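The values are calculated or read from the model by the stated rules, or taken from the named source; none is laboratory data. No experiment lies behind these values; they were computed from the predicted model shown. Neighbour counts run over all protein chains shown; Cβ positions are idealised from the backbone, glycine included.
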Amino acid sequence: MATQLSTSSLASQVRRASRCAPAAGETPNYFGSFRNEDILYLVALQVPSIKTLYHLHLVNKPFHHALSWRLYNAMSERRSRDGPPWIHKAISKKWNLLACQMLKCGADTSVLDKKGYTPLYRAAMVGNTEAVQALLGHGADINLPNSNGSRAIHGATDGRHGHIVKLLAEHGAKVNLRSKNSGATPLLKFAYFGDKNTVDLLIKKGANIYAKDKAGWTGLHYASKGGNVDIVQLFLDSGLDVETRTSSGLPPLWMAITAKGPAKDVVKLLVDCGANVNDNAVRGIRMLENVVQMGKQYGAEALLDACTDDNTKTRESCGANSSLHMACLLGNVKMMELLLSRGADVNYKAERGTRPLMKAMWSGRAATLKCLLDHGADVNATDNRGYTPLHTASYYGYTTAAELLIEAGADLDARDKHGSTPLHTAACLGHAKLAALLIESGADLKILNKSGETILETAVLYGHTDITALLIEAGADINAVGSDGDTMLQTAVLCACTEITALLVKAGADMNVVDNDGDTSLHTAATEGYTNITTLLIEAGANLKALDEDGFTPLHAAASEGCVNTTALLIEAGSNINTVDCDGSPVLYSAVLEGYQHIIALLIEEGADVNTGDKKTGETPLHASVRLGYAGITELLIYAGARMEAYSHAGETPLEAAKKQLNCLQRFDPKQRKIGDAIQILTAAQELDRNGYTVESAVCLNEQISLIYSAGLSLPADVPGP
């Protein structure tokens, strides 16, 4: 009979037991279980921190079954609130004596834990053979599904416990049940695991050898992916087609060559049995090209080994040559060495004429190039564009690669189909270091491409100052005429390259050479409005009096194009403001014809003669402004003292010329209004002049028109009123 203890006495014994440290290292609870069953029972019932499943396990020794039974029943309330059923934890921890005791005490074999697992599924999953046997012995349903539909045999399969699968199969488990997620049967998964004994057992127990998972994978696919040659042979001998496909069209051979580890034997077996090495089900390219692109060395080696014939054609039949291109593009030297050692052609010409060395140039990796060069790659082979590898190095700016190619004998002056050399290419794209290498190596600087461009012109056209400086220093002709008939200096000016212009001027480029239109560099800079370049050329001594084919000086040209800033610069530099062109038109008259009011204001301010007109027609600037309907310019000229009664060679005053022009226009022509406005201003000015008023007496001529009417005066009948 158990000794009755007071609360204080029990607490005292627990404290003493807690301080006890036997040499064997047993816990106080465990130690007590061999000494005093009643004390331990009372401790377990009255001290919450000790009432756990673990302590039940400690006392569950063969000679303490009675105690564990007493504790288990006494702790029923705690079991119900502890979350997962204790039977699951005992099975997971492999506390099998306790689990068996629970089963004897009536533990529910169908109860689900938080994950929805049955006790039998849990035991099968952790590989607890003793628990599985105990559960089956206590009537557990071998095919009872979890909450997700999986059975115990699936748990054993996922845990790779073949011995549990065997035990379950022998007790009637359904071997063709598919898993919930992938739809794979146990046979498919053990084919991947490589467990031949379990595969044989499942087949004997009726497993469907032709079963497929949700993705259409057969056992042959699984075995091939796992690299398990014996099981692959088993499936082939059982009648599975070597070319059977998954839902996405993948054959078993693809699974074998993309396996994580070496699967050479499987690949060879499948190829020997008729697997198509040229299959292009993945991304539309052959298998070897795919595994090379994926960087799977094992797969590529296995596939090449499977092509046992040593002649080149057989090697190419699985894509060795085209795969070499892919390996070169990716810079995979190990893969390149493998393919070259198995007969791939180092100079194989693919689509667009590209060769392995050209592909390797796209990445520019020195190790890749060295590998190909060491295997005899043609350093001067061209593609369909006429590009050599050195052209490609120049295109991408790969200096180290270019050095290797030059050392291997690359032609420095090779021409592409446009006639451009590698140095043209480097100059075009601005790769200064590579251009310097080519120049130092002796590239010809005088070569023209098919467009007639020199290398220096190319550098100037694309605005590469550093390369231009290199070429000038190396002796390139700075006064050579380019493809458009322009010198290098004219090209630099047209491209608005101030720094390059300065370089060329400093190097002694002729500033007064004319282009096909007779323009000097200063003409071009002035008419384009490039103030910095115009200043640079003026300071360098460019000819301010140079005439183009129309007889325009740079000032005349700038004014005619409305470039006020460069016009001001040229005037400040001393250009003749009253110079005339070939037709005898002065600068001011030309500016009026174009309607550039801001230029006209500048010229008037700088002292241009407002009454000097066109020598051929005798028109003054005022004739032109009124006739063309420029009211603002008309006002400017009148203020500046333009003669309102001047006559042209046709005997017409500005007013008469304007009226004549007005009569020539069709009705509702927009120009009518403009000319009318100009006539109004001119007429008002004339009326004021006749009546003793000066133009300067009003703020502007538009106000003077109102002044005429307010003074009781009248405009001529044919002049529109306000």
| Filter the stretch 239-254 for residues that are touching a Pro at 6+ places or on another chain (Cβ under 7 Å) and of a type in the set (D, E, K, R); which is farthest from V277 (Cα to Cα)? | R245
| task | From K180, K166, grab the single residue that is touching a Ser or Thr at 6+ places or on another chain (Cβ under 6 Å) and within 20 Å of Y192 (Cα to Cα). | result | K180
| request: Considering each of V514, V564, V592, V493 in turn, give the residue that is of a type in the set (V, I, T), out of contact with any Leu (no Cβ under 7 Å at 6 or more places or on another chain) and within 27 Å of Y639 (Cβ to Cβ). | output: V592
| query | Looking at (1) buried (at least 19 other Cβ atoms within 10 Å of the Cβ); (2) modelled with pLDDT of 90 or more, which is the one condition that is false for V333? | reply | (1)
| Got a number for residues in the stretch 575-623 being of a type in the set (D, E, K, R) and either within 25 Å of T683 (Cβ to Cβ) or touching a helix residue (DSSP H, G or I) at 6+ places or on another chain (Cβ under 7 Å) (or both)? | 6
| Within the stretch 195-236, which residues are charged (D, E, K, R), over 13 Å from L250 (Cα atoms) and in a helix (DSSP H, G or I)? | K196, D200, K204, D230
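Restricting to the stretch 571-618, count the residues that are part of a loop (DSSP other than H, G, I, E, B) and not small (G, A, S).
Looking only at that region, the number is 17.
Does E453 satisfy being of a type outside the set (A, V, I, L, M, F, W, C), surrounded by 23 or more Cβ atoms within 10 Å (Cβ to Cβ) and either assigned to a helix (DSSP H, G or I) or without any contact (Cβ under 8 Å) to a residue 24 or more places away in the chain (or both)?
Against the criterion (of a type outside the set (A, V, I, L, M, F, W, C), surrounded by 23 or more Cβ atoms within 10 Å (Cβ to Cβ) and either assigned to a helix (DSSP H, G or I) or without any contact (Cβ under 8 Å) to a residue 24 or more places away in the chain (or both)), E453 does not qualify.
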| note | Restricted to the stretch 117-154 and to residues being β-branched (V, I, T) and part of a loop (DSSP other than H, G, I, E, B), the residue nearest to K174 (Cα to Cα) is I142
| Residue check for V271: assigned to a loop (DSSP other than H, G, I, E, B), over 37 Å from the mean Cα position of the chain (by Cα) and either surrounded by fewer than 22 Cβ atoms within 10 Å (Cβ to Cβ) or free of Cβ contacts under 8 Å to residues at least 40 places away in the same chain (or both) | no
